[in-house]
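Q: To start, I am sharing the structure in question, which I have written as C-alpha cells.
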Amino acid sequence: MSVVALADAGPACGGKAHGLAVLLRAGLPVPAGFVVVDPTGDAEAIGDHLGLLRGPAVAVRSSGLAEDSAAASFAGQLETVLGVRGRDEVLAAVRRCAASARTDRARSYRAHLGLDAEAEVPVIVQELVAADRAGVLFTRDPRTGADAVVINASWGLGESVVAGAVVPDEVVVTAPADTVRVGVGAKQTRLDLREEGLVRTLVPATDRDRHCLTPDEVHRLVALGRRCEELFGRPQDVEWAIDGDRIWLLQSRPITALGPPAAPDGRRCAPPLVTGVPSSPGRAKGPARPVRSVDDFASVRRGDVLVCRTTDPAWTPLFRLAAAVVTETGGVLSHAAIVAREFGIPAVVGAGRAMATLTDGAIVTVDGTAGTVTEGSA
C-alpha cells in the first residue's frame, strides 16, 4: 500500500515516521498524519487521507530509511515543506520531499558518512501545529555528553531554531537535582502560519530579550523528553511545539554525536575576537573564509574556517572541506551544529558580528568547546 496511517508506520516508512509512530502508540501528543511510502503511488489515496486531517495547512517532511537513525540524523539535508494547503499542493510537496534524496547536499552528506544512496524517500504529511513557541530539546548535552536536558526555544514555528535563523533561548536542566540554567537569546524574528501562508516578522523589542518558556513548560518538556528516551532506550533529539497550553512532539530521534567532557589543557589563550555558543567540541585553526552566498563557494578550500551568518542545508558540501564553522546566528541544537558534530569539526554559533570581525584569510583558532574564536594559533 502506498499510504500508511502514521500510527501504523514501521521501519519501511523511514526513521522519522517510525519514531513518531512509536510515540503515538505510547499515547504521547503527536499531530495526526500519514506516510506516503511510494511517492509515485495512488494520488486518490493521498487525497482521501488528507481529508481526514484537521486544520488549515499541513507539514510535509521526508522520512528516509537511514534518516533519524543512530548513525545519521540527516539534519536539514532532506526536504521539509511547511504550510501546504490543498490536494494539489500536497502532491507537489510530496514529490519534492521524496526527490530531495537526490540533491547534491544529500549525496555529499551520505558520502561523508559512508551511507548507501536512496533514489527517493518516504514522506510524512501531518497536521501543522500553529505554534506560538517551538524548538528542540536533547536529553543529553551534545557538547559534553552530560546527563542534562538542553532546550533551545524561540517564538513562532520551530523552523527558526532548527535552521539557525535566530539565537534561541537555551535552558539546561541538569540531573539529578534538576538544576535549571536559563540563557536568553536574541530572538529577533519569528515565522508564523497566517492566512496568506508562512510569514516571517520582527519580534517586538520587549519580547526579544524575554524568556519564551514558563517554568511549568520547561518542567513538562523535560518530562516528555525523558519519556521519549525511556521509550527508545537511548538519548533523544526531540522537536516540539506549543500551541496554547498544548505541547506537541514533532520528532524523536537518537542523538548522533555526543562530545566528550572538556579537559583543561593549561594553555593561556589570547582574548577572543568573537564569542558565541559552543556547539561542536574541539579546536581547529585555519584561514577565516567568510561566505555570504553560494557565489562564494568556490573560494572555500580544505582547511578553511567557514564563517557565515547562518548555513543553508545546500552548504553541507562545505562542511567536508572546513576545519571549523562559525555562524552569527543559531543555537547548539540547530541543524548546522548537529551536522558539524556528526562531521567531527568544531563549531561556534550565535557569534554576533563574526562576518565583520573575522577578516578573509586571517589565521584564527576556533574552540568549539569554549565557544571562542581567537587570533592566530591559540
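The values are calculated or read from the model by the stated rules, or taken from the named source; none is laboratory data. These numbers were taken from a predicted model, which means no experiment stands behind them. Please note: Cβ atoms are built from the backbone with ideal geometry, for glycine as well, and neighbour counts cover all protein chains shown.
Q: Check whether at least one residue in segment 136-155 is more than 22 Å from Glu229 (Cβ to Cβ) and not β-branched (Val, Ile, Thr), and report yes or no.
A: Start the filter on segment 136-155 by keeping residues that are more than 22 Å from Glu229 (Cβ to Cβ), which leaves 154-155.
Now restrict to residues that are not β-branched (Val, Ile, Thr): 154-155.
Yes, because at least one residue in segment 136-155 is more than 22 Å from Glu229 (Cβ to Cβ) and not β-branched (Val, Ile, Thr).
Q: Moving on to the next point. Residues to consider are Val184, Val172; find the one that is surrounded by 11 or more Cβ atoms within 10 Å (Cβ to Cβ), free of Cβ contacts under 8 Å to residues at least 60 places away in the same chain and closer than 18 Å to Arg143 by Cα.
A: Result: Val172 is the single residue among Val184, Val172 that is surrounded by 11 or more Cβ atoms within 10 Å (Cβ to Cβ), free of Cβ contacts under 8 Å to residues at least 60 places away in the same chain and closer than 18 Å to Arg143 by Cα.
Q: Considering every residue within segment 78-89, establish whether at least one is under 26 Å from Thr310 (Cβ atoms), crowded, with 24+ Cβ neighbours inside 10 Å, in contact with a helix residue (DSSP H, G or I) (Cβ under 7 Å, 6 or more places away or on another chain) and of a type outside the set (Phe, Trp, Tyr). Steps first, answer last, please.
A: Residues of segment 78-89 under 26 Å from Thr310 (Cβ atoms): 78-84.
Checking the rest, the ones that are also crowded, with 24+ Cβ neighbours inside 10 Å come to 78.
Within this subset, residues satisfying the condition of being in contact with a helix residue (DSSP H, G or I) (Cβ under 7 Å, 6 or more places away or on another chain) are 78.
Subsequent filtering for residues that are of a type outside the set (Phe, Trp, Tyr) retains 78.
Yes, there is a match, as at least one residue in segment 78-89 is under 26 Å from Thr310 (Cβ atoms), crowded, with 24+ Cβ neighbours inside 10 Å, in contact with a helix residue (DSSP H, G or I) (Cβ under 7 Å, 6 or more places away or on another chain) and of a type outside the set (Phe, Trp, Tyr).
Q: With the checklist (1) on the phi > 0 side of the Ramachandran plot; (2) free of Cβ contacts under 8 Å to residues at least 12 places away in the same chain in hand, flag the one item Gly145 doesn't pass.
A: Condition (2) is where Gly145 drops out.
Q: Now for a separate question. Just to confirm my filter: which helices (runs of 4 or more DSSP H) fall fully inside segment 157-249 and include at least 1 residues that are at pLDDT below 95? Working first, answer last.
A: Values: elements: 159-162, 205-208, 215-232.
Per the criteria, 159-162, 205-208.
Q: With the checklist (1) free of Cβ contacts under 8 Å to residues at least 40 places away in the same chain; (2) touching a helix residue (DSSP H, G or I) at 6+ places or on another chain (Cβ under 9 Å) in hand, flag the one item Ser334 doesn't pass.
A: (1)
Q: Check Gly64, Gly27, Gly41, Gly55 and return the single one that is touching a residue at least 24 places away in the same chain (Cβ under 8 Å), on the phi > 0 side of the Ramachandran plot and not in a helix (DSSP H, G or I). If you could, list the steps in order and put the result at the bottom.
A: Values: Gly64 fails: on the phi > 0 side of the Ramachandran plot; Gly27 fails: touching a residue at least 24 places away in the same chain (Cβ under 8 Å); Gly41 fails: on the phi > 0 side of the Ramachandran plot.
Testing whether each residue is touching a residue at least 24 places away in the same chain (Cβ under 8 Å), on the phi > 0 side of the Ramachandran plot and not in a helix (DSSP H, G or I) leaves just Gly55.
Q: Moving on. Return yes or no: is Leu318 more than 25 Å from Ser69 (Cβ to Cβ) and surrounded by 20 or more Cβ atoms within 10 Å (Cβ to Cβ)?
A: Numbers: more than 25 Å from Ser69 (Cβ to Cβ): no; surrounded by 20 or more Cβ atoms within 10 Å (Cβ to Cβ): yes.
Criteria not met by Leu318.
Q: Suppose the filter is buried (at least 22 other Cβ atoms within 10 Å of the Cβ) and of a type in the set (A, V, I, L, M, F, W, C); does Ala92 pass it?
A: Numbers: buried (at least 22 other Cβ atoms within 10 Å of the Cβ): no; of a type in the set (A, V, I, L, M, F, W, C): yes.
No, not satisfied.
Q: Is it the case that Val125 is under 30 Å from Ala223 (Cα atoms) and in a strand (DSSP E or B)?
A: yes
Q: Here is a follow-up. Just to be sure, is Thr103 among the hydroxyl-bearing types (Ser, Thr, Tyr) and closer than 27 Å to Phe232 by Cα? Spell out how you get there, then give the answer.
A: On the way: among the hydroxyl-bearing types (Ser, Thr, Tyr): yes; closer than 27 Å to Phe232 by Cα: no.
Answer is no for this residue.
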